[in-house]
Structure formats: C-alpha cells, structure tokens
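Presented below is the structure to which this report refers.
The values are calculated or read from the model by the stated rules, or taken from the named source; none is laboratory data. Keep in mind it's a predicted model, so treat the numbers as computed, not measured. Here Cβ is always computed from backbone atoms with ideal geometry, including for glycine, and neighbour counts include all displayed protein chains.
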C-alpha cells in the first residue's frame, strides 16, 4: 500500500491512482496546493500495484536510452511558428509529423479559468493549444488509462511532460510500447496550481480587470527578454520581463514554491527517462553567430527511437550538433536540482492571507536589505523614513 511519509518522495504523477483496480486511491491537495495519494483502507486489497508503479520507489528502466544523448541546437524554419513557440518551435515540427502519421499527442494546455491540464489531440489545428510554457504542475486525471487504451488498440501516441510525469507513465504501463514516443521538457521544478491561480487573482486585483489570456514566455521583446504577458478584458496588458514579474521572481530568484520532491529530483541526470528532451538553448549567442532573437531549442536525442523520429523532420528545422557541456553550463537544471529557498517557509506562512504580488514584494525587499552593507542599510532606512514623511 502506497504511503507518503515524506512529501519529497512523491512527484504527484498519479501512477498509483491510475493503476488501482479498486479505485481505493484519491489524490488530495495539501495546503500548498500539491496533490498526494490517500488510500481508502476499506477498499484496498493489498495488491501492491500502487507501489510497483511508483517511479520514486522503483527506478524506471533506461536500458534503451543512450548513456549520453546526441545534442542538437535547433529551430523551426517556419518563423511564424518559431515566434509563437516558447523556444525554437521544435515541438510543433515533431507534433505535426506525428499527427500526419496518424498519431495522438498528449500534452498540457490551458483550460477553463486558465488551469493547466493534459489533453489528447489528433488534429493539426489543435497543436497551437499545446504550445507555450505553462509554469505550474498540470492535471493528468485519468489520462494514463486513456493512453494505455490507445496503445493497446495499436495507435501511435506521443506523450509530452516533465521527466517525472514521463517516468510515472512508463511505470504505469508496466511494459514498453514501440508506438509510444516520450518527450520530457527540461524542468526547473513544478509549482502548484493553487499558487499559480492565486497569482492570477492578484494580477486581476492590481489591474482591476479580468484576464483573457496568459503567456509566460511572450517574445514581443525577443526570446532572451521573454516576458510574462497577460491580456486583460479592458484591452490592456500586464507585461513584465521574467526577472521582474512577481511570479517568476518567486520561482527563479527565490525558489519559494516548488514541489518538495523537486528540491531532490531523481530525474535530473543521464541517461534521460524519455526518447527526446526539449528545452531552451540559453547562451546560444555566446558560442555561435545568430542574426535574430526568435528562440533556439536544445534537443537531446536520448534513444534510437528519438533519434530516428528527429531525422524524419530534418526538412522542417535548422539543426546543428552542439556539445552537451555547453548545454549543462547554460541550463544546469538539466542535471542539478535547485535548493529550497530560505524564504519558502515564510512565503507559505503568509500565502492565502496576503495578496500574492504584495507578498513577493515584501520577501524580495527583505532579501535585498539583508545583502546591504552597514552604510547601505543606514541609507536605505533613511530613504524609507523620508518616503513616510512625504
């Protein structure tokens, strides 16, 4: 019987929930918004399938993976698709080819009230729904069961998710499927949808307008200056560069609200758990001449299956070989978990009681003050008192 004594030992993949033959497992949300399995002991028959499919208890077989991936820098030759994508538009090229071959794609999209949920598509016109980074842990619901059914019926299926979601799916399936292509997204760590939705509500309070669209990596100012751009009902925009947006400050600068397992992630390593890994090629312009700022993807081909499929879309992409060492240097989250931020506990003490944007401002200001030397602190205090007098 699955039992979570340490939250750092659960990724929330839902494999245990999906495999239970007696529906004895529910996923319950804790205060921070992350879901964990709870077992109804009256329904449980102690078959232990839940433990068997847990990727934290049992490691995922990577026998079919390369010890070290083939690494590519790439972007979509269709510049319109490239600009609309978070990185270089490689996902779109893969998705179009996969659907052309009669396959199904399972990936995350924004749904009602901008919640994030995995869905299944089989029509090219729906690919746009799956583009763009979504900085919160997606709902998988019963999709593992649906994927297994599609594979059992001899369909091609492509699953796109975080490395731990890929691991959860592979353990749930209990066997390899030749017609399954897995893609993991280079991941810093996941945020709960409770925190994410609280941020959106805070934006609405501060702007006094309802949200109509959310983009975390808008390229109006270029890929390297990716901005959070939130469209509002009154026709205006809430737009901030990613190092200035409060949600991203808490995520990237202070590591305030990642799932506990993310600080000890078991999937940031080689060999990778998936056939292909996709992410941003940060620092590309340090090593190569590039004439625009429309986005560059890093592509890790982790298996012969991934390599073979990538070769089928070579006419849709610009791609070039690049050293793995460069990728790791510029995107260390590929192999190294981030440390829990020192203000994380302080954040959760105030979370839900204080406006999100105001709370991040207070934490960031406190951090700034602590880094000042004595003279700078005196100046800071005097400056704040002068503000009060005025």
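Take residue 182 and decide whether it is more than 25 Å from residue 354 (Cβ to Cβ) and in a strand (DSSP E or B). The answer is yes for residue 182.
All of (1) modelled with pLDDT of 95 or more; (2) not assigned by TED's automatic domain parsing to the domain that holds residue 285 hold for residue 379 with one exception: (1). The numbered conditions (1) touching a strand residue (DSSP E or B) at 6+ places or on another chain (Cβ under 8 Å); (2) at pLDDT 95 or above are all true for residue 141 except (2). Residues in the stretch 25-68 that are more than 23 Å from the chain's Cα centre (by Cα), farther than 24 Å from residue 302 by Cβ and assigned to a loop (DSSP other than H, G, I, E, B): 40, 41, 42, 43, 44, 45, 46, 47, 48. Test residue 146 against the stated conditions and say whether it is over 19 Å from residue 35 (Cα atoms), in contact with a strand residue (DSSP E or B) (Cβ under 9 Å, 6 or more places away or on another chain) and not in a loop (DSSP other than H, G, I, E, B). It is true that residue 146 is over 19 Å from residue 35 (Cα atoms), in contact with a strand residue (DSSP E or B) (Cβ under 9 Å, 6 or more places away or on another chain) and not in a loop (DSSP other than H, G, I, E, B).
For the stretch 207-221, taking the residues that are within 21 Å of the chain's Cα centre (by Cα) and touching a residue at least 24 places away in the same chain (Cβ under 8 Å), the one that is farthest from residue 88 (Cα to Cα) is identified as 214.
Within the stretch 222-257, the residues that satisfy the criterion of being farther than 27 Å from residue 337 by Cβ and either part of a loop (DSSP other than H, G, I, E, B) or within 19 Å of the chain's Cα centre (by Cα) (or both) are 222, 229, 230, 233, 234, 235, 236. All of (1) more than 19 Å from the chain's Cα centre (by Cα); (2) closer than 27 Å to residue 268 by Cα; (3) at pLDDT 95 or above hold for residue 102 with one exception: (2). Scanning the stretch 31-47 for residues that are without any contact (Cβ under 8 Å) to a residue 40 or more places away in the chain and surrounded by 13 or more Cβ atoms within 10 Å (Cβ to Cβ) returns 35, 36, 37, 38, 39, 47. Taken together, the criteria place residue 89 among residues that are closer than 17 Å to residue 295 by Cβ, in contact (Cβ under 8 Å) with a residue 24 or more places away in the chain and in contact with a helix residue (DSSP H, G or I) (Cβ under 8 Å, 6 or more places away or on another chain).
Residues that are out of contact with any helix residue (DSSP H, G or I) (no Cβ under 9 Å at 6 or more places or on another chain) and surrounded by fewer than 17 Cβ atoms within 10 Å (Cβ to Cβ) within the stretch 48-82 comprise 48, 63, 67, 79, 80, listed in sequence order. For the stretch 270-296, a residue qualifies if it is closer than 25 Å to residue 176 by Cβ and touching a helix residue (DSSP H, G or I) at 6+ places or on another chain (Cβ under 9 Å), and the qualifying residues are 270, 272, 273, 274, 275, 276, 277, 278, 279.
Out of 306, 341, one residue alone is at pLDDT 95 or above, surrounded by 14 or more Cβ atoms within 10 Å (Cβ to Cβ) and not in a helix (DSSP H, G or I). It is 341. Total residues in the stretch 309-336 satisfying the condition of being surrounded by 21 or more Cβ atoms within 10 Å (Cβ to Cβ) and farther than 25 Å from residue 161 by Cβ: the figure is 0. Across the stretch 3-24, the qualifying residues are those that are more than 25 Å from the chain's Cα centre (by Cα) and either modelled with pLDDT of 95 or more or buried (at least 18 other Cβ atoms within 10 Å of the Cβ) (or both), and the one among them that is nearest to residue 350 (Cα to Cα) is 24.
For the condition closer than 24 Å to residue 87 by Cα and surrounded by fewer than 20 Cβ atoms within 10 Å (Cβ to Cβ), what is the one hit in 241, 233? Just one listed residue meets the conditions, 241. When you check residue 213 against the structure, is it surrounded by fewer than 17 Cβ atoms within 10 Å (Cβ to Cβ), touching a helix residue (DSSP H, G or I) at 6+ places or on another chain (Cβ under 9 Å) and in a strand (DSSP E or B), yes or no? Criteria met by residue 213.
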